[in-house]
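Before any comments, here is the structure.
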Amino acid sequence: MNFRFIRDKARKGSINMAVDEYFYSLAENGNLQECVIRIFRWSPPALSLGYHQKYETSADEEFLKERGVDIVRRPTGGKAVLHAEELTYSVVSSLSYGYFEGNTLDQTYEKIALALKKSLEFLGMKPELEKRETKLNVLHPAPCFLVPTKKEILVDGKKVIGSAQKRGANAFLQHGSIPIKMDYELLARATKNSLQEIPSFRKHFAALSEFCPDLDEAKLENALHEGFKSEFKGIFVEKPLEEKELIEAEKIAKEKYDSEKWNKKPY
């Protein structure tokens, strides 16, 4: 199978989500013949909400507006993620043929987790791939990194990557945040959590700079390229986002991800 690796520049949250949906729609309709792996950034910073989250209880809109942070709802599930000093990865592929043919949710999560694990190993870290055994109280509006998911990537027992997936009949989209630095106070206030939650945040999740102080975007992006390339066997081609693809994504963003109807829809 061919793998297309995209090193994308910083874009608005609505555009980032629209690009992911554009490729997912192609794959779901049988019109994507390759697996697309995209590494991207967010400008301005954004708080992304999970598909089923309640807007009013999950994001402090006034506070985020004051801080210049956008709010966008993802097409995937999960909890809120603050996209600031980080990189985000996304993987879109068919489930009908190729590397992920016939894979279950767990199988796709595990294959991607192994590539992410390999990426962190290239940076000299010792990540572990396991399920978190600690059962946390997540009834409050917990951020994504505090909520246990399948195939966690942990370093020194702390979650360092937060991922979510959308699946259709023929394809899937998985994307996830990889923080380089973490502003715990900003995250707590953005998600309407008490500042008293910060010690719990620090205990359960961390940014990669805690384990690799000299890490920057370029080093992390290169490590992700090497990790995915070594784990996903096939032909790897680096190819930037094309103008026609961006135009289609901009249409999706205008109709959906820039709209209050989508971002503030009630649940």
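The values are calculated or read from the model by the stated rules, or taken from the named source; none is laboratory data. What you see is a predicted model; the values in this text were computed from it and never measured. Reconstructed Cβ throughout: ideal geometry from the backbone, glycine too, with neighbour counts over all protein chains shown.
For the subset of the stretch 240-267 comprising residues that are of a type in the set (Ser, Thr, Tyr) and assigned to a loop (DSSP other than H, G, I, E, B), which member is surrounded by the most Cβ atoms within 10 Å (Cβ to Cβ)? It comes out as SER259.
In the set (1) in contact (Cβ under 8 Å) with a residue 60 or more places away in the chain; (2) out of contact with any strand residue (DSSP E or B) (no Cβ under 6 Å at 6 or more places or on another chain); (3) farther than 16 Å from MET182 by Cβ, the condition left unmet by GLU85 is number (3).
Can you confirm whether the stretch 24-39 contains a residue that is more than 20 Å from GLY234 (Cβ to Cβ), surrounded by 17 or more Cβ atoms within 10 Å (Cβ to Cβ) and β-branched (Val, Ile, Thr)? Within the stretch 24-39, not a single residue is more than 20 Å from GLY234 (Cβ to Cβ), surrounded by 17 or more Cβ atoms within 10 Å (Cβ to Cβ) and β-branched (Val, Ile, Thr).
Yes or no: ALA188 at pLDDT 95 or above, surrounded by 16 or more Cβ atoms within 10 Å (Cβ to Cβ) and closer than 20 Å to ILE39 by Cβ? Here the answer is no, as ALA188 does not meet what is asked. The single residue among ILE112, ILE180 that is surrounded by 15 or more Cβ atoms within 10 Å (Cβ to Cβ), within 27 Å of ASP60 (Cα to Cα) and at pLDDT 95 or above turns out to be ILE180. The residues of the stretch 149-177 that are among the hydrophobic types (A, V, I, L, M, F, W, C) and either surrounded by 22 or more Cβ atoms within 10 Å (Cβ to Cβ) or within 13 Å of the chain's Cα centre (by Cα) (or both), listed by number, are ILE153, VAL160, ILE161, ALA164, ALA171, PHE172, LEU173.
Of the residues making up the stretch 206-239, those that are under 16 Å from ARG4 (Cα atoms) and either touching a Cys at 6+ places or on another chain (Cβ under 6 Å) or loosely packed, with under 14 Cβ neighbours inside 10 Å (or both) are LYS233, GLY234, ILE235, VAL237, GLU238, LYS239.
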